[in-house]
Amino acid sequence: MFLTGGLKSLLPHVLRRVIRCNRLNISNTSGMAEGYKQANVVILPKSLADDFEKFCHANDGPLPLLYRSKPGDWKCPSLSSESDIRTDCLQYKIYEHGACTGSLKSLKEYSEQLKDMVTFYLGCSFSFEKAIQSAGIPVRNVEQKCNVSMYKTSVPCYSVSTFCCNLVVTMRPIPESKLEAAVLATSELKEAHGAPIHIGDPGLLGIKDLSKPDYGDPVHLHPGDIPVFWACGVTAVEAVISCRAPLAFTHSPGCMFITDLKNDNSIITSSKEVPQVYCISEDPLHYSVVSTEAAQKIKTLETLIGIDPGDRGIIRLHCPDELLKACLSISHAQSVLITTGFPTHFTYEPPEENDGPPGALAIAAILQALEKEVVMVTDQRAMSLNKKIIEEAVQLGILKRPIPLLSYQRESTDSALMFLCENGNPGKPRFDHLIAIERAGMAADGNYYNARKVNIKHLVDPIDELFLAARTIPGVTTTGVGDGGNELGMGKVKDAVKKHIKNGDVIACDVEADFTVVAGVSNWGGYAIACALYILNTCEIHHRYLRKAVGFPQLSKKMVWLSALPSITKEEKLLETLVRHGVRSGKTASLEMEVDGLPFYNTHSLMIEKLL
């Protein structure tokens, strides 16, 4: 018998020979032949081979195809010399009509059947463990001398013919301070599954209990560790089960085929491609990933909208990176609730100002283009006005379709919870994210004030309660957009409002949002959110993370997203609509300024050619 401690330094061809002779008493190949690629193995009837190859290409995160053999070919010359797939894995699984019927140490007894079968070699995450260790990151399963944990998820793969299954992932506990290093270390190792597809709470993948993996062994987290999930080649096992082939074989999970190929340990040469990691939710814990280039573009937008045309001191309210983190959170949401409406002109009918609705509709337009559900909530007295504005926005081509419009009234102590969740159940929220833009916010004394300290509570429905209730619902996050500190969501910066904004001690909103976007004009904040969502969804690193590395990139929809973005022309038409319905100006609404010699937005470019 060989001592397992020396296996990591053995050359692959020697290790395969030892495995072939059945001289190892170990359960997995993690940590063996350090620096060399390992492979998942799937052996299928040749009649299914073409469809399975298409399935791999359609889901190349979990199934990076290293080699496809010819029927009856037991060797893989491009991956290894002197190999025999019938004997060179520690253990195999046999499947008959979708059911696992046993484990085998060798497939030699099936040599006749294998003549009409094709072998697929797929990349494995064991291949990147050395890269992680080289980055100074502990590999807990290696430390604990056990197999990696593997879990079935609720994430569907892209189906091809009879191959229809959900994604399987591996989990490795990573210290929080090392998250970005772990993403960076693996992001270019595409043949070993690449960067993680999820960081944080396993429940967001449909995994109920980390202590009960579907494959492999439980790996224990140390204090301060965060569960990090990579796409896993054992997805192929689920695919084999789904196709119900009369006969098929796979490696036993964790018992990989070891190739002669060295990991290339690709280094990202451009700083623009370096991934960055941001926490976007504490309950449940959720991190997102974005490229340095995309993050910097959004930070530039944040700086741009922070210009203070009224010299009111809003620069003192600025919270760095809030636009980026808010938009990362919105990007992950499937259903978004938007509210706007500030009755500044309390002696007129209607009392609304024209700052807010254009920004809200700009956000709604890009969310529709991104195929997310969008709903608006407003004051009962303003329902008719907002319905007309939405209808005309559709006619003008600003919106693809009408937005459902709701109102909210407090009828009982659980009204907000009933509004936000199915039957008031916090486990079934109707919305993932709430956005308030230029929406009157409740002050500490329970009243609502305009900038001149006039109490306008009689014109404002208690939509703040939805934001307060959202803080008690796991998985629901909120964003507030404002330009004076008295808007819903600005409670996060209320101390700065009281100190630096005129009348701030009275008017400051007391209700905070998870993310606070401060702009010189609130509409600008809405336009910036729309632009930032475009930037994120055209960022390859972020988009791959969003789709969990399954299916195909959606960049073919780029022009659809682009056409949904706000423009001076759209804004002018919308402002004309507002005027026609009696809505008065509250402050400068347009942002006609330049960045690097280009307009902030211009009909179909929005400075995208240069900035986006």
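The values are calculated or read from the model by the stated rules, or taken from the named source; none is laboratory data. Predicted model, so just to flag it, every value in this text is computed and none were measured. In this analysis, Cβ positions are derived from the backbone assuming ideal geometry, glycine residues included, and neighbour counts consider all displayed protein chains. Ligands, DNA and RNA are excluded from the accessible area calculation, which covers all protein heavy atoms including side chains. Shrake-Rupley method; radii C 1.70, N 1.55, O 1.52, S 1.80 Å.
May I ask you to list the residues in the range 387-423 that are part of a loop (DSSP other than H, G, I, E, B) and either hydroxyl-bearing (Ser, Thr, Tyr) or touching a Gly at 6+ places or on another chain (Cβ under 7 Å) (or both)?
Result: Tyr408, Ser412, Thr413, Asp414.
Among the numbered conditions (1) aliphatic (A, V, I, L, M); (2) closer than 24 Å to Gln380 by Cα; (3) in contact with an Asp or Glu (Cβ under 9 Å, 6 or more places away or on another chain), tell me where Val497 comes up short.
Result: Val497 fails condition (2) only.
Here is a list: Ala443, Ala451. Which entry is of a type outside the set (Lys, Arg), at pLDDT below 95 and over 19 Å from Ser281 (Cβ atoms)? Show your work before the answer.
On the way: Ala443 fails: at pLDDT below 95.
From the options Ala443, Ala451, the qualifying one is Ala451.
Among the residues of the range 527-547, write down those that are among the hydroxyl-bearing types (Ser, Thr, Tyr) and open to solvent by 10 Å² or more (accessible area, probe 1.4 Å).
Hit for the range 527-547 is Thr538, nothing else.
How many residues does the range 12-65 hold that are assigned to a loop (DSSP other than H, G, I, E, B), open to solvent by 30 Å² or more (accessible area, probe 1.4 Å) and in contact (Cβ under 8 Å) with a residue 40 or more places away in the chain? Working first, answer last.
Pass one, the range 12-65, residues assigned to a loop (DSSP other than H, G, I, E, B): 21-35, 59-64.
Cutting the leftovers down to open to solvent by 30 Å² or more (accessible area, probe 1.4 Å) gives us 21-23, 25-27, 34, 60.
Still in the list and also in contact (Cβ under 8 Å) with a residue 40 or more places away in the chain: 22, 26-27, 34, 60.
Total meeting the criteria: 5.
List the pairs whose first member sits in the range 382-396 and is of a type in the set (Lys, Arg), whose second member is at pLDDT 95 or above, and whose Cβ atoms are under 7 Å apart, counting only residues at least 6 apart or on separate chains?
Listed by first residue and then by second, the contacts come to Lys387/Leu405.
Being of a type in the set (S, T, N, Q) and either surrounded by 24 or more Cβ atoms within 10 Å (Cβ to Cβ) or more than 23 Å from the chain's Cα centre (by Cα) (or both) is the filter; apply it to the range 332-368 and report the residue that is farthest from Ser281 (Cα to Cα).
Thr347
Residue check, Ala444 against (1) open to solvent by 30 Å² or more (accessible area, probe 1.4 Å); (2) over 27 Å from Ala364 (Cβ atoms); (3) without any contact (Cβ under 8 Å) to a residue 60 or more places away in the chain, all met but one. Which one?
All conditions pass for Ala444, except number (3).
Consider Leu434 carefully, then state whether it is open to solvent by less than 50 Å² (accessible area, probe 1.4 Å), touching a Gly at 6+ places or on another chain (Cβ under 8 Å) and under 25 Å from Ser281 (Cβ atoms).
Considered against the rule, which asks whether it is open to solvent by less than 50 Å² (accessible area, probe 1.4 Å), touching a Gly at 6+ places or on another chain (Cβ under 8 Å) and under 25 Å from Ser281 (Cβ atoms), Leu434 comes out as no.
Looking at the range 325-367 only, could you name the residues that are more than 25 Å from Ile568 (Cβ to Cβ) and part of a helix (DSSP H, G or I)?
Those that are more than 25 Å from Ile568 (Cβ to Cβ) and part of a helix (DSSP H, G or I): Lys325, Leu328, Ser329, Ser331, His332.
So which residues in the range 391-407 are more than 29 Å from the chain's Cα centre (by Cα) and open to solvent by less than 30 Å² (accessible area, probe 1.4 Å), if there are any at all?
Of everything in the range 391-407, just one residue is more than 29 Å from the chain's Cα centre (by Cα) and open to solvent by less than 30 Å² (accessible area, probe 1.4 Å), namely Ala393.
Here is a check on your reading of the model: is Ser281 among the hydroxyl-bearing types (Ser, Thr, Tyr) and at pLDDT below 95?
No: the conditions fail for Ser281.
Report, by residue number, each residue of the range 133-158 that is among the small types (Gly, Ala, Ser) and under 21 Å from the mean Cα position of the chain (by Cα).
The one that is among the small types (Gly, Ala, Ser) and under 21 Å from the mean Cα position of the chain (by Cα): Ser154.
Among the numbered criteria (1) buried (at least 22 other Cβ atoms within 10 Å of the Cβ); (2) more than 34 Å from the chain's Cα centre (by Cα), which single criterion is violated by Tyr110?
Tallying (1) buried (at least 22 other Cβ atoms within 10 Å of the Cβ); (2) more than 34 Å from the chain's Cα centre (by Cα), Tyr110 fails exactly one: (1).
Does any residue in the range 203-215 that is loosely packed, with under 15 Cβ neighbours inside 10 Å come within less than 7 Å, Cβ to Cβ, of a residue that is among the β-branched types (Val, Ile, Thr) six or more places away or on a different chain, and which pairs are these?
Gly206/Thr153
Which ones in the range 172-186 are out of contact with any helix residue (DSSP H, G or I) (no Cβ under 7 Å at 6 or more places or on another chain) and either assigned to a helix (DSSP H, G or I) or open to solvent by less than 10 Å² (accessible area, probe 1.4 Å) (or both)?
Residues satisfying the conditions are Glu176, Ser177, Lys178, Leu179, Glu180, Ala181, Val183, Leu184.
When you scan the range 256-265, do you find a residue that is of a type in the set (Val, Ile, Thr) and open to solvent by 10 Å² or more (accessible area, probe 1.4 Å), even just one?
No, the range 256-265 has no match at all.
Conditions (1) part of a helix (DSSP H, G or I); (2) modelled with pLDDT under 95; (3) over 29 Å from the mean Cα position of the chain (by Cα); (4) outside the structural domain of Ala294 (by the TED database), marked per residue:
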position: Ile541; (1), (2), (3), (4): yes, no, no, no
position: Lys557; (1), (2), (3), (4): yes, yes, no, no
position: Glu572; (1), (2), (3), (4): yes, yes, yes, no
position: Leu578; (1), (2), (3), (4): yes, yes, yes, no
position: Leu591; (1), (2), (3), (4): no, yes, yes, no
position: Ser605; (1), (2), (3), (4): no, yes, no, no
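Select from the range 187-208 the residues that are among the acidic types (Asp, Glu) and either more than 16 Å from Leu285 (Cβ to Cβ) or in a helix (DSSP H, G or I) (or both) and list them in ascending order.
Listed by number, the residues that qualify are Glu188, Glu191.
Would you kindly identify the strands (runs of 3 or more DSSP E) lying entirely within the range 228-323 that contain at least 3 residues that are over 30 Å from Val521 (Cα atoms)?
So the answer is 248-251, 257-262.
Could you say which residue among Ala496, Ala451, Ala469 is of a type in the set (A, V, I, L, M), closer than 23 Å to Phe346 by Cα and not in a strand (DSSP E or B)?
The unique qualifying residue is Ala451.
For the range 144-165, indicate whether the set of residues that are assigned to a helix (DSSP H, G or I) and either of a type in the set (Lys, Arg) or open to solvent by 20 Å² or more (accessible area, probe 1.4 Å) (or both) is non-empty. Steps first, answer last, please.
Residues of the range 144-165 that are assigned to a helix (DSSP H, G or I), as a first pass: none.
There is no residue in the range 144-165 that is assigned to a helix (DSSP H, G or I) and either of a type in the set (Lys, Arg) or open to solvent by 20 Å² or more (accessible area, probe 1.4 Å) (or both).
Would you point out which residue out of Glu180, Glu191 is in contact (Cβ under 8 Å) with a residue 12 or more places away in the chain and more than 22 Å from His332 (Cα to Cα)?
Glu191
Hey, can you tell me all the residues within the range 285-301 that are open to solvent by 20 Å² or more (accessible area, probe 1.4 Å) and not hydrophobic (A, V, I, L, M, F, W, C)? Lay out the reasoning, then the answer.
Within the range 285-301, the subset open to solvent by 20 Å² or more (accessible area, probe 1.4 Å) is 285-286, 292-293, 296-297, 299-300.
Answer for the range 285-301, where residues must be open to solvent by 20 Å² or more (accessible area, probe 1.4 Å) and not hydrophobic (A, V, I, L, M, F, W, C): His286, Thr292, Glu293, Gln296, Lys297, Lys299, Thr300.
Here are Ile456, Ile507, Ile463: which of them is surrounded by fewer than 20 Cβ atoms within 10 Å (Cβ to Cβ) and in contact (Cβ under 8 Å) with a residue 40 or more places away in the chain?
Ile456
Looking at (1) surrounded by fewer than 20 Cβ atoms within 10 Å (Cβ to Cβ); (2) touching a residue at least 60 places away in the same chain (Cβ under 8 Å); (3) part of a helix (DSSP H, G or I), which one does Lys502 not meet, given that it meets all the others?
(3)
What are the residues in the range 89-106 that are under 16 Å from Thr235 (Cα atoms) and open to solvent by 60 Å² or more (accessible area, probe 1.4 Å), if any?
Of everything in the range 89-106, just one residue is under 16 Å from Thr235 (Cα atoms) and open to solvent by 60 Å² or more (accessible area, probe 1.4 Å), namely Cys100.
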